[in-house]
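So the structure is just underneath, and the comments pick up after that.
The values are calculated or read from the model by the stated rules, or taken from the named source; none is laboratory data. Values in this document were obtained by computation on a predicted structure and should not be read as measured data. Cβ placement follows ideal geometry from the backbone for every residue including glycine, while neighbour counts extend to all protein chains displayed.
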């Protein structure tokens with residue numbers, strides 16, 4: 001089945017470029033466009049795409065507010081939001097990730113990387129450019145306005161180890177190799193952590209790891 005994508009950006013030229021690029025790819029279908037945040041929410045609810053590419057700065061309703069509304073809607077639990085930004089270290093991107101965006105892309109991303117990112121997110125992976133994501137979180141986590149949604153005290157020691165490695169950007173296979181377990185076992189641990197912390201995906205686990213102090217900026 002094709003990956004169904006909605007593109008939300010108030011700049012018609014930029015939006016059209018993304019649409020043309022994605023529509024030309026095998027296995028990807030652009031099901032809708034939006035020129036502002038209100039349209040993005042309305043069309044996401046109507047079309048239920050697999051992936052929404054969401055510009056951060058849009059009129060009427062910005063991308064942060066639109067992302068928050070999409071993530072909060074139980075009917076859209078399978079929709080993955082990837083926010084688009086001009087600058088990597090953007091506090092609005094961090095806030096979007098805190099409320100449930102799966103990742104982010106800078107607008108000068110190479111076309112092949114954009115296509116790959118859509119495929120990766122649709123396949124269930126959360127982190128895009130893990131090094132940049134960690135740098136962003138480390139930069140802004142100290143300024144978080146709200147406490148983490150759940151205490152890490154519910155996690156076992158092993159789950160805390162796994163969450164630390166998730167925060168380093170490791171895949172299930174890499175976590176398995178580090179902790180001498182199979183990738184399937186690592187995936188099971190990650191799934192249990194997501195459930196215990198009521199987190200949407202691995203990106204939110206990274207945010208929680210920094211905000212809770214499990215991982216601190218500057219740690220490797």
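Points worth noting:
- Restricting attention to segment 152-196 and to residues that are within 21 Å of residue 100 (Cα to Cα) and in a loop (DSSP other than H, G, I, E, B), the residue that is farthest from the chain's Cα centre (by Cα) turns out to be 155.
- Count of residues meeting criterion [touching a strand residue (DSSP E or B) at 6+ places or on another chain (Cβ under 6 Å) and outside any helix (DSSP H, G or I)] in segment 86-105: 6
- Qualifying residue in segment 117-131 (condition: farther than 26 Å from residue 198 by Cα, modelled with pLDDT of 85 or more and in the same structural domain as residue 18 (by TED's automatic domain parsing)): no
- Qualifying residue in segment 3-12 (condition: under 18 Å from residue 109 (Cα atoms), without any contact (Cβ under 8 Å) to a residue 12 or more places away in the chain, in a helix (DSSP H, G or I) and more than 20 Å from the chain's Cα centre (by Cα)): no
- Checking 73, 26, 55, 50 one by one, the residue that is under 21 Å from residue 201 (Cβ atoms), out of contact with any strand residue (DSSP E or B) (no Cβ under 9 Å at 6 or more places or on another chain) and modelled with pLDDT of 90 or more is 73 and no other.
- Test for residue 170: is it over 20 Å from residue 71 (Cβ atoms), surrounded by 14 or more Cβ atoms within 10 Å (Cβ to Cβ) and modelled with pLDDT of 70 or more: yes
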